[in-house]
Protein chains: 2
Amino acid sequence: MTTIFDAPEDFAATALAGFAELYSRHVRLVRGGVVRATAVPKGKVSVVVGGGSGHYPAFAGYVGPGMADAAVAGDVFASPSTAAVARVCRQAHRGGGILLGFGNYAGDVLNFGVAAERLRSEGIDVRIVPVTDDVASAPAEAHAKRRGIAGDLVVFKIAGAAAEAGLSLDEVERIARRANDRTVSFGVAFDGCTLPGAGGPLFSVPEGRMALGLGIHGEPGIKEEAIVSARELAGLLTGKLLAERPAGARRVAALLNGLGSTKYEELFVLWTTISRLLKDAGLEIVAPEAGEFVTSLDMQGCSLTLTWLDGELETYWKAACDTPVLKRGGEIRTVPATDTIANEDATPVFGPASAGSKEGAACIARLVGHVADALRDAEDELGRIDAQAGDGDHGQGMRRGSAAARDAIEYAVTAGAGAASALAIAGDAWADRAGGTSGAIWGLLLRAWSNALSDEDGMDEAAVVRGARLALDGVTRLGRARVGDKTLVDALVPFVETLEAAFAAGKPLKAAWADAAEAARAAAVATAGLTPKLGRARPLAERSIGHPDAGAVSLALVAGVVGASL
Amino acid sequence: MTTIFDAPEDFAATALAGFAELYSRHVRLVRGGVVRATAVPKGKVSVVVGGGSGHYPAFAGYVGPGMADAAVAGDVFASPSTAAVARVCRQAHRGGGILLGFGNYAGDVLNFGVAAERLRSEGIDVRIVPVTDDVASAPAEAHAKRRGIAGDLVVFKIAGAAAEAGLSLDEVERIARRANDRTVSFGVAFDGCTLPGAGGPLFSVPEGRMALGLGIHGEPGIKEEAIVSARELAGLLTGKLLAERPAGARRVAALLNGLGSTKYEELFVLWTTISRLLKDAGLEIVAPEAGEFVTSLDMQGCSLTLTWLDGELETYWKAACDTPVLKRGGEIRTVPATDTIANEDATPVFGPASAGSKEGAACIARLVGHVADALRDAEDELGRIDAQAGDGDHGQGMRRGSAAARDAIEYAVTAGAGAASALAIAGDAWADRAGGTSGAIWGLLLRAWSNALSDEDGMDEAAVVRGARLALDGVTRLGRARVGDKTLVDALVPFVETLEAAFAAGKPLKAAWADAAEAARAAAVATAGLTPKLGRARPLAERSIGHPDAGAVSLALVAGVVGASL
């Protein structure tokens, strides 16, 4: 279990600070991440990677010449916030554009995706490559739906080497995608792991058993079997991966990864049979690695990753790099970075706005204030609903996020911002302070809605209705949830559809909104009867059957509060 | 627990083979160890390190330019055999002499010590530096009695850098001793570890508790307390070490070591407070490291090591190195090694011998044959006695060792060897095949005894009696056991003293030997009433109270068999 910590909520940030101090030759600390401590040529593509903490050396240990330019670190097993991703990217950017790499998980897809949109709006070219190597999480024909596990290291190593070689963003993206397309992993777990401060393990595997394909946060695997000998385990791991060997693949990169409590000597024993089996299959193994590359706190288990190399991928897999976790090739000459770490909390500056739009901003600020009050009052109740399915922090996140949004928009109104800018900055504040997936969703929702408004024109009712559709589009596109998944989308879809229909039928906004809020309320209640979307760990997710979804409930609550105040 | 293995008895050797395959750029496999894969200049001092397996990266992960030339690997948590140490040293030697480094444990002291004597007899200059850094194992005034834990890495790193710089063996030894004298470590364990194939953990720590100063094989610590916060733990670790800060120490090397299941992020959190406390104490921290450097399979816990630097030690601590576990500084240019791995099982060649000595050899061979028969018959009984205190493999080791000794001496007699050479080679064969501490002791006993004999002269009774004293001296000097420790020495001392007294009083050898064998028998029986010497783990050792010691019993048994056949 995780035994050494002070306040559990500070664990990830403190660990990152300790890491940055120990590896000051490699990295410098930015809030929420690290960037290289060595100078990077102007115009070089920046490779920025990241994800939740608890997986060291993923992701901070990957930063250095020949690999990543920066890493963003979320809380333990939680995606970094959109703001953290954007902040680290801005610091790392050298004018050549950014490749964002992360494992394919909903929270990361969302936060990295929203951050990419923000950065693009600032004129930075950003490409996204989610790693999808875990063969246990989806079939081969749905490669893009797979989760990312230890394949992260291989894909980021290859992408980082391509960027270091001076290739363009188009080329680095192409090579990273090809590396991901040709990378497969399969793992087993013998026992679970314990979050800092938790009373018990996040999940466990029965004694003497192993869970095949269990995810690095305890996501359900494909089956459970009795623990087998090292030889049989080697056969199992290689068999699963060789089944996906593409025609003509002759050379392969191999990575045998320990999850935390499975130690080096066990991996070395396992490797003796894996290497024989790969050779027996006619494969040439190129620069294999065995060790700890993507851990899960103290989880017990291991995974095997294979990347089917072509000449180009092999060149970048073998290229020199110098990071805390992986050093290859000859000396890479570096000089210390001289750019200063940017002041992260600069006061926002707003463009000019019309009187009508300023009036709209003040109106929105009043509504956000009511929402913040209502969510403060509902914190405990939302927490109780969320605890049926999740970790019970939904009420806390909604309270924190809405309060931050209220403060931000009040400041914006005082500073003379127009409606669009005011709502956008309220959304950003919500996402950054609330944290988690729901914080990111609400930030995205408000920011997308603001795109229908304007700082020049006055606010009209049709623009508000158009904004609702943009909000829904943004949330479903980046959040990937669909109706029936038991998320906020279950309430948002009927809300938007009812709003549009009633408004199109000639009702004024206030009446149309009331209809929509009622539709959202009914839908939120109905989520109690839906089969839940499987969460991180099966035992937790199963508890949510028969209970309404907290995200849908809070959407309905906010819709009702706003409707009553229009 | 250790989960991945095939036959448990092959675990260490298979792990070493897998390691050597993965790190073929760094090392080449020799039976029982690894040597550098890169060429080493002629005349350079060779730094050879080693100890039991289960501690990776100790010790094979330390091999490479700037650090060790070779590593010897014993079975899990067991010293390598004398033969393995000697074999790896011969392969590594480049004419500049050898510095042998290992943690201060009885089995390692014995096997490395005997190997050093063998190598010296072959004309190789060998120096020994046992690492003694664990402040929990003995008080500061008995520094040389302390156990070696993670300080191994710092001492070997500094010694290796001094050797790489081209210093003489005298200088490398002096610097290694100084590094050891100025290195202190203190650790805590939160939970035990499980040997491959074992039904349960070797030892455990109660839930919510931590054992202060527990050794890396579960040796008793100094006390047990409730687990504290990271800040308090940092205070505890640094406090213990700062108490031994020498006058004038201003600069310090620091190593924060995880034992296996305590993960990187926990170490990084802990480091933030440790570094502050060291700085508050006015110390400058030089090139600190946090990670896994001396593990104990999956043990949960950590240790802090400090080395009080002077200018010389700092130079070598910071010097470049390129090993699997530690890479420092700029590129070290190397070329692959071109020497061939020696044929390890070369047929022994014997010098000329007189007819009388050959006759003596045949007589000894007959006695060794009787001993091997008796030990084969006694295997189960000796195993049962040993299981009261140890792991129950004593009978097996004695059977294997004596059979190997019989085969070796029969071959020697056929090849025309004299008595001294024949007995010496019988001892070597016993040690190499029996393994463990008792195998090494018996090999040493026979080899030391052979020094009283000669290949030129015939064998006389006085020489046999002189040999008994030499055997006792060798065993007590290198084995470090005293009467009352509940070991073979308890029976050997009365045996030798009675033999000498009876022979001096004019009895013929056969009668004197009969008296001596009876004294050994009585002493072996009496060990049942002795307080046992504390073994590796307290719970095991406590089981031995009231039972005779298997080592003393087998000494008495052999003495009786030989006496009856004289």
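Structure data summary
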read-out	value
Unmet criterion (only one of (1) at pLDDT 95 or above; (2) out of contact with any helix residue (DSSP H, G or I) (no Cβ under 7 Å at 6 or more places or on another chain); (3) at the interface with another protein chain (Cβ under 9 Å from one of its Cβ atoms)) for A:Asp280	(3)
Any hit, the stretch B:340-361, residues being within 14 Å of chain A (Cβ to nearest Cβ) and surrounded by fewer than 20 Cβ atoms within 10 Å (Cβ to Cβ)	no
Output for the stretch A:4-60, where each listed residue is more than 11 Å from every other protein chain (Cβ to nearest Cβ), of a type in the set (A, V, I, L, M, F, W, C) and within 23 Å of the chain's Cα centre (by Cα)	A:Val27, A:Leu29, A:Val30, A:Val34, A:Val35, A:Val45, A:Val47, A:Val48, A:Val49, A:Phe59
Criterion (touching a strand residue (DSSP E or B) at 6+ places or on another chain (Cβ under 9 Å), free of Cβ contacts under 8 Å to residues at least 12 places away in the same chain and not in a loop (DSSP other than H, G, I, E, B)) met by exactly one of A:Asp152, A:Asp170	A:Asp170
Any strands (runs of 3 or more DSSP E) falling wholly within the stretch A:1-91 and containing at least 3 residues that are buried (at least 22 other Cβ atoms within 10 Å of the Cβ)	A:33-36, A:46-53, A:70-76
Answer from B:Met1, B:Met67 - the residue that is within 12 Å of another protein chain (Cβ to nearest Cβ) and of a type in the set (A, V, I, L, M, F, W, C)	B:Met1
Meets criteria (touching a strand residue (DSSP E or B) at 6+ places or on another chain (Cβ under 7 Å), within 14 Å of another protein chain (Cβ to nearest Cβ) and modelled with pLDDT under 95) for B:Ile285	no
Residue check for B:Phe77: under 21 Å from B:Asn257 (Cα atoms) and in the same structural domain as B:Thr183 (by TED's automatic domain parsing)	yes
Unmet requirement for A:Ser81, which otherwise passes all of (1) modelled with pLDDT of 95 or more; (2) among the polar types (S, T, N, Q); (3) in contact with a strand residue (DSSP E or B) (Cβ under 9 Å, 6 or more places away or on another chain)	(1)
Residue selected from the stretch B:458-498 under the condition of a type in the set (A, V, I, L, M) and in a loop (DSSP other than H, G, I, E, B), by the criterion farthest from the chain's Cα centre (by Cα)	B:Met459
Whichever residue in the stretch B:92-109 is under 8 Å from the mean Cα position of the chain (by Cα) and outside any helix (DSSP H, G or I) and, among such residues, is nearest to B:Ile128 (Cα to Cα)	B:Phe102
Which numbered condition B:Lys327 fails, given (1) within 8 Å of chain A (Cβ to nearest Cβ); (2) in contact with a His (Cβ under 7 Å, 6 or more places away or on another chain)	(2)
Residues satisfying the stated conditions in the stretch B:157-173, i.e. farther than 19 Å from B:Gly50 by Cα and buried (at least 16 other Cβ atoms within 10 Å of the Cβ)	B:Ala165, B:Leu167
Top-ranked residue of the stretch B:406-455 - restricted to ones that are of a type in the set (S, T, N, Q) and within 20 Å of B:Arg469 (Cα to Cα), ranked as modelled with the lowest pLDDT	B:Ser438
Residue in the stretch B:386-402 that is among the acidic types (Asp, Glu), crowded, with 21+ Cβ neighbours inside 10 Å and under 21 Å from B:Pro548 (Cα atoms) present	yes
Unmet requirement for B:Glu266, which otherwise passes all of (1) within 8 Å of another protein chain (Cβ to nearest Cβ); (2) surrounded by fewer than 24 Cβ atoms within 10 Å (Cβ to Cβ)	(2)
Odd one out for A:Asp134, checked against (1) among the acidic types (Asp, Glu); (2) touching a Lys or Arg at 6+ places or on another chain (Cβ under 7 Å); (3) over 23 Å from A:Cys302 (Cα atoms)	(3)
Flag for B:Lys223 being basic (Lys, Arg) and either within 14 Å of chain A (Cβ to nearest Cβ) or under 27 Å from A:Asp10 (Cα atoms) (or both)	no
Selected residue (criterion: nearest to the other protein chains (Cβ to nearest Cβ)) from residues of the stretch A:70-113 that are in contact with a helix residue (DSSP H, G or I) (Cβ under 6 Å, 6 or more places away or on another chain) and of a type in the set (Ser, Thr, Tyr)	A:Ser79
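Okay, residues lined up against (1) farther than 20 Å from A:Phe156 by Cβ; (2) in contact with a Leu (Cβ under 7 Å, 6 or more places away or on another chain):
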position: A:Tyr264; (1), (2): yes, no
position: A:Leu267; (1), (2): yes, yes
position: A:Thr272; (1), (2): yes, no
position: A:Asp280; (1), (2): yes, no
position: A:Pro288; (1), (2): no, yes
position: A:Ser296; (1), (2): no, yes
position: A:Gly301; (1), (2): yes, yes
position: A:Leu309; (1), (2): no, no
position: A:Leu326; (1), (2): no, no
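Residue-wise test of (1) of a type outside the set (A, V, I, L, M); (2) over 14 Å from the mean Cα position of the chain (by Cα).
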{"site": "B:Asn111", "(1), (2)": "yes, no"}
{"site": "B:Arg118", "(1), (2)": "yes, yes"}
{"site": "B:Glu122", "(1), (2)": "yes, yes"}
{"site": "B:Ile128", "(1), (2)": "no, no"}
{"site": "B:Val135", "(1), (2)": "no, yes"}
{"site": "B:Ala138", "(1), (2)": "no, yes"}
{"site": "B:Ala142", "(1), (2)": "no, yes"}
{"site": "B:Lys145", "(1), (2)": "yes, yes"}
{"site": "B:Asp152", "(1), (2)": "yes, no"}
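The values are calculated or read from the model by the stated rules, or taken from the named source; none is laboratory data. Keep in mind that this is a model prediction, so the values were computed, not measured. With ideal geometry, Cβ positions are generated from the backbone for all residues, glycine too; neighbour counts draw on all protein chains shown.
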